[in-house]
Amino acid sequence: MTLKTTLIEVDELAALPVDAVLIVDCRFELMAPGNGQRDVAKGERDYREGHIPGAVYASLDRDLSDLSRQAEGLGRHPLPLETAFSEVLSRWGWRPGLQLVCYDAAGGSLAAARLWWLLRLAGVREAAVLDGGYPAWLAAGLPVASGEVVRTPSKVTLHFDATKYLLDHAQLLGVPQRVLLDARAAPRYRGEVEPIDRVGGHVPGALNRPFSDNLGVDGRFKPADVLRREFLELLGTHAPQDVVHMCGSGVTACHNLLAMEHAGLAGSRLYAPSWSGWVSAPGRPVAKG
C-alpha cells in the first residue's frame, strides 16, 4: 500500500486492512476539557459512545500536551516531552512503517492536526488526517464501535527535531525575514474579543490566516491547488521556509501547517507557545486591529 502523509479520504481508510493502520480519535473541546476520572472530557465521552472501529483515543491535554509546563511560559498547551510522546505511541502499539490515521470532529481542525504535526516533528511521515473527520465517516454510512480500544503495546523511542520545526520566543524576535501566520479567528486576532487568554490582539507584524479558511463548506480541505494559491498570495516573495505559524496555544496552527504541506509548500515552522505563551511575559508588544 502507498502510505499517506497528509490527508486520507474516508473510502481509502475504510479499505485498509485492520492490521495495516493505527487509527486515533482526537476529538476534544477546549471549553469542556474535563478534570479527572469523575469529569471526563467531552471528546473522550463522545469517543466511548461511538468511534471508528479499532480507534484508540488521544487526549489533547494528557497525550498531546504537557500541562505541567504551563508555568514555563510555554502557553496553554505546551508540547509533550519526546519521552512522554514515545510512551504514548508505545501504548497505542504503533511501530515505524505502520500507517497512522487520526481524526477529530471536523476536518482535523484541532487535535488531529496537532498529532499529525507532533509525528512530523519526530520524523514520522506515515501519518495522515482523515479529511472531513468523524462526520465524514458517519455520512458515508460506515460502521462505528463503542467502548475503549486497547492495543498490544510496542516499544517506540522517538526524538524531536526542534531545530528544523520549532521557534521559541527569542528566535521569533530575532528572525526579521519571516512571515508569521496567526490561525485564530479574525475577531481574536484583531483583539476585539478574547475568551481564553488574558490579553487580546496579536504579535506585531503577524498576518491572519484563520484555520477555518482551509476548509470548504463540506468540512473537507479545499483542493491542494486552491490552498497553494491562497498561501502563496500571503507569502508574496517569501519561501515556505520563511513561514512561522501560531494560534492561541499551538494547536490550530498545526492545521495551517498541514494545509501548506498538503499544498506542496513544505518547510514552514511552528511557534508552539503561540499567543498564550507570548502574553505570558507582560513586556512583549501587542498589536490590535
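The values are calculated or read from the model by the stated rules, or taken from the named source; none is laboratory data. Predicted, not measured: the structure shown is a model, and the values here were computed from it. For neighbour counting, all protein chains shown are included, and Cβ atoms are generated from backbone atoms with ideal geometry for every residue, glycine included.
Table for the structure above
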| item | result |
| --- | --- |
| Failed condition for residue 71, given (1) more than 20 Å from residue 157 (Cβ to Cβ); (2) touching a residue at least 24 places away in the same chain (Cβ under 8 Å); (3) of a type in the set (A, V, I, L, M, F, W, C) | (2) |
| From 203, 175, 217, residue being among the aliphatic types (A, V, I, L, M), touching a Pro at 6+ places or on another chain (Cβ under 9 Å) and either modelled with pLDDT of 95 or more or at negative phi (or both) | 203 |
| Any hit, segment 214-227, residues being in a helix (DSSP H, G or I) and under 15 Å from the mean Cα position of the chain (by Cα) | yes |
| Residue within segment 41-55 that is surrounded by fewer than 18 Cβ atoms within 10 Å (Cβ to Cβ) and without any contact (Cβ under 8 Å) to a residue 12 or more places away in the chain present | yes |
| Among residues of segment 172-229, those that are surrounded by 20 or more Cβ atoms within 10 Å (Cβ to Cβ) and among the polar types (S, T, N, Q), counted | 1 |
| Residues being within 19 Å of residue 223 (Cβ to Cβ), of a type in the set (A, V, I, L, M) and at pLDDT 95 or above - total across segment 98-135 | 4 |
| Unique residue being buried (at least 17 other Cβ atoms within 10 Å of the Cβ), under 21 Å from residue 112 (Cα atoms) and of a type in the set (Gly, Ala, Ser) when the list is 280, 268 | 268 |
